[in-house]
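Here's the structure we're looking at; comments come further down.
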Amino acid sequence: MRLSKPLRRRSALAGLAVLTAATTFLTTAGSAVPASAAPAAKDVSYRGYHVKVPTAWPVIDLATHPATCVRLDHDAVYLGHPTDAGQATCPAHLIGRGNTLLLEPLDATARKLVDRHTAVAPAGKAAAPVLRGAGAPPGQVREAVPAAGIMATASYGTDSGAVEGVLAHADLDGSAQAVAAPAAESLAATAQTTAAVPAQPGVFTGKGFDPCSAPSAAQMSAWSASPYRAIGVYISGVSAACAQPNLTASWVGDRVADGWHIIPITVDLQAPCTTFGHRLSSTLSTAASQGTATAADAVAKASALGLPPGSTIYEDMEGYDQTNSSCSQAVLTFLSAWTAELHAHGYLSGVYSSLGSGISDLGSQYGTGTYNLPDSIWFAWWNGAADTNTGSYVPASYWANHQRVHQYTGDTDETWGGVTMNVDDDYLDLDSGSVATCTASLDFTAYTALSSGATGDPVSAAQCLLLRQGYFAGAVNGTFGADTASAASAFQTAKALTASGAVDSHTWTALLSAGTKPSLQSGSTGADVQRLQRALTAALGQTVGIDGDFGSQTTTAVKSYQSSRGLTADGAVGPLTWGALQSGK
């Protein structure tokens, strides 16, 4: 994580250059470069396993240089296991991915990382026939090569082709020593066995820290002498820049058992107006799809680590130019889709960003209903104050119910219990996240008018929708009481509707259509189509099948709605049609 203005990064490139000079012998050990090899390639040998990589890639032997941070934001080859001491030096604010190859022994340490996405080379072979199977998470290719007793982990940004090519053309020499292949049960696992943990980070008020790489058990034990009791952990995202050799479900369970609160973080595509290597699209429909995909991957990673539904996962959106309105709109669209997808899986949504960009943009949308807003915010403001005060950037009444984390300083080397790590410091004021989401069904053949005294599933649906828009903080219990009426009235006021406190067809339409405004037409599918179908059912007073398939019935309903609201009746849904629905028309 870092602030909106670039920080002085540690000169790791210079360090890598020194290490390259110190380890050039590794690039030719075991065999010479064949005459047919491309001039820009060099041979790297490790335990009888050979790969050819670009000559510009430094090669670092971690046994010789154990204090090296295995960082993924620069092209490089690392040999051996990452060390606790080395990962502790990783700058906490690193963001981004290059092409990185980590070759390590296929021993008990490496086998802990084997899962169903790990490719396994056949006996006597240096490469698996398929390196990335269906459903494999983005950003990484991991392969076990039993014939050489090594594990190869290749990290990449948006294109896996370069690293897959390196692994696919690997070779073995006579010094390779075979070991047993990973156990079948490890390859079939979707999550590692561990004791159940409660939703994270849970209820907590106090200090925490976030490093680039999850510390070891021993390092965490040493830091029990610190004032911190919460830790931010990067669990996913193509912009995550540090290796995570310690991060397993067992690590999560053990840290929670030790009294630590875990703050799951994903750092993925960044704002389109930044210079980061991996940016989200400025086309809003694409940005929405990217937000959905990012959240789905984060949910999969959280589940594999034993982090249950009800946990809050924070999307790290680094600082950007808030004066660029199209950039802000793309970010808000991405984050809205991120939130919706997390909610669909029962997880809560958090967003980390600088006060002067992402958090201010979110604050400007608070209560409007245009976007799905996060359930809690984590803002960077390095003013040294351990509190949750957002100053003039965001009103104190927004995200006011124990829904804030403040990163108040960062990029500091701190020593506790004799262990030094580079960290950012945070102050948390969080509850269990009960204000964030609900699972009430939203699908009905008709959306009847509701008022005080009403009960049943439609009331639960209205409460759920009002909760997601930030107007309702009560229990979703299916009883239309004074708190529900008050929330409905506040929503109606924001939408310029009659503030009756009852949920009529106009209020239903505005609630059901709230969110992003993607372009939809015949043939479109997915959650946005379902949202459209619900809103049309309420607006037209007739049943539109809610199946997520934009077919002939939906096309007819769209044309009917457009014609009756004075819009061009072309059957395609764009900003004007969404705008009318979200206004309750």
- prompt: So how far, in whole Å, is the C-alpha centre of region 463-510 from the one of region 336-400?
  reply: 21 Å
query: log₁₀ I(q)/I(0) of region 257-339 at q = 0.11, 0.21, 0.27 Å⁻¹, via Debye over equal Cα point scatterers, no solvent, to two decimals?
result: -0.32, -0.92, -1.30
- line: For region 374-446, whose charge dipole is built from +1 on Lys and Arg Cβ atoms and -1 on Asp and Glu Cβ atoms, the candidate among 389, 400, 379 with its Cα farthest towards the positive end is 400
- prompt: Tell me, what is a quarter of the convex hull surface for the C-alpha atoms of region 461-585, in nm² with one decimal?
  reply: 7.2 nm²
task: Please express the Cα-Cα pair-distance distribution P(r) of region 101-174 as a list of whole percents, one per 5 Å bin, running from 0 to the bin with the greatest distance.
output: 3, 17, 31, 27, 16, 5, 1, 0
message: Rounded to the nearest percent, how much of the accessible area of the chain (1.4 Å probe, protein heavy atoms only) is carbon and sulfur?
response: 53 percent
message: Rounded, prolate or oblate for region 175-301? Axes are the square roots of the Cα gyration tensor eigenvalues, ordered a ≥ b ≥ c, and the cut-off for rounded is a/c under 1.5.
response: oblate
message: For region 312-397, take N as its residue count and report Rg(C-alpha) divided by 2.2 N^0.38 Å.
response: 1.04
- request: Go through (i) 1.20; (ii) 0.98; (iii) 1.04 and flag the label whose value is the computed Cα Rg over 2.2 N^0.38 Å for this structure.
  value: (iii)
message: Just the number: Rg to Rh for region 515-564, Cα atoms, Kirkwood Rh, two decimals.
response: 0.91
- prompt: Quick one: accessible area per residue over region 385-435, 1.4 Å probe, rounded to a whole number of Å²?
  reply: 40 Å²
- request: Report the percentage of all Cα-Cα pairs in region 55-199 whose separation exceeds 22 Å, rounded to a whole percent.
  value: 42 percent
task: Could you point to the residue in 324, 248, 578 farthest towards the positive end of the chain's charge dipole, with +1 and -1 charges on the Cβ of Lys/Arg and Asp/Glu respectively?
output: 578
task: Evaluate E = 1/(1 + (r/R0)^6) for residue 387 and residue 445, where r is the Cβ-Cβ distance and R0 equals 60 Å; express this FRET efficiency to the nearest 0.05.
output: 0.75
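The values are calculated or read from the model by the stated rules, or taken from the named source; none is laboratory data. Everything quoted here is computed from the prediction, not taken from an experiment. Glycine gets a Cβ as well: all are built from the backbone with ideal geometry, and neighbour counts include every protein chain shown. Heavy atoms of the whole protein, side chains included, go into the accessibility calculation; ligands, DNA and RNA do not. Shrake-Rupley method; radii C 1.70, N 1.55, O 1.52, S 1.80 Å.
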